[in-house]
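Shown next, in structure tokens, is the structure this report addresses.
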Amino acid sequence: MTKGLFFKAIAKFLIGFVIVAAILFLSAGTLRWPNAWLFLGLLFIPMFIAGIVMMLLDPSLLEKRLNAKETEGEQRTVIALSALMFLAAFVLAGLNFRFKWIELPNWIVFLAAAVFLLAYLMYAEVLRENTYLARTIGVSEGQKVISTGLYGVVRHPMYLATLFLFPAMGLVLGSPISFLILLLYIPLIVKRIKNEEKVLEAELEGYREYETRVKYRLLPFIW
């Protein structure tokens, strides 16, 4: 662990928190929004804990997760569209709270929070299984195909976790409108996976053989 990596991680964490909080509370026009505080806690407390664990046990993985500069053109498009999707979802969630358009019962919010946490745990398990996981598409030196654990069920378990994680955000924020917007993540992640697999087939030894053994990309028995 280096001081540079530590300060980079802390800076990115704080900047991310401030940006998300600012979007939510400025849209809502108040800090008195319990759903937003619940969401921020669910999102950033596990993120902070995961960052500390990676920093202590696997700094190289943390460094990969901090690097978000994508080189693939298709992936840059997916990331840009995803950013717009999140921005729209967060702004509309704040406006929904401010103007009381649609109010969800608490049991839906708490159920969504439970789904969010379970998806976060799945995400953490994927990071534990695959230390090659970067935020950008590519093959690192010495990388091997991981086929155990969740990778023996679907080829992209991290994206499966986010398939539950991201749409749940809208419901935690109490906004069915935001939930519907975040469902746009599905076609975006399909596009990302298809492009990622082209890269892996071309550059990662053994990946084509892995595809024949684990047939489903994202959802067992579906796709």
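In table form, for the structure just shown:
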item: Contacts under 7 angstrom Cβ, first residue in region 172-196 being over 13 Å from Ser82 (Cβ atoms), partner of a type in the set (Asp, Glu) and buried (at least 16 other Cβ atoms within 10 Å of the Cβ), 6 or more apart; result: Asn195/Glu72; Asn195/Glu74
item: Number of positions in region 125-137 that are in contact with a Leu (Cβ under 8 Å, 6 or more places away or on another chain), modelled with pLDDT under 70 and buried (at least 17 other Cβ atoms within 10 Å of the Cβ); result: 0
item: Selection status of Met47, at pLDDT below 90, within 15 Å of the chain's Cα centre (by Cα) and not small (Gly, Ala, Ser); result: yes
item: Elements of type helices (runs of 4 or more DSSP H) contained in region 138-223, each with 3 or more residues being buried (at least 17 other Cβ atoms within 10 Å of the Cβ); result: 157-172, 176-182, 185-203
item: Residues located in region 172-193, provided they are touching a Pro at 6+ places or on another chain (Cβ under 7 Å) and under 18 Å from Gly94 (Cβ atoms); result: Phe179, Leu182
item: Criterion violated by Ala83 - all others in (1) under 18 Å from Ile186 (Cα atoms); (2) surrounded by 15 or more Cβ atoms within 10 Å (Cβ to Cβ); (3) modelled with pLDDT of 85 or more satisfied; result: (2)
item: Helices (runs of 4 or more DSSP H) wholly inside region 1-108 containing at least 1 residues that are over 22 Å from Ala124 (Cα atoms); result: 3-28, 34-57, 73-99
item: One residue from Pro59, Pro34, Pro105 being touching a residue at least 40 places away in the same chain (Cβ under 8 Å) and not aromatic (Phe, Trp, Tyr); result: Pro59
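The values are calculated or read from the model by the stated rules, or taken from the named source; none is laboratory data. Keep in mind that this is a model prediction, so the values were computed, not measured. Counting neighbours? That spans all protein chains shown, and the Cβs are built from the backbone with ideal geometry, glycine included.
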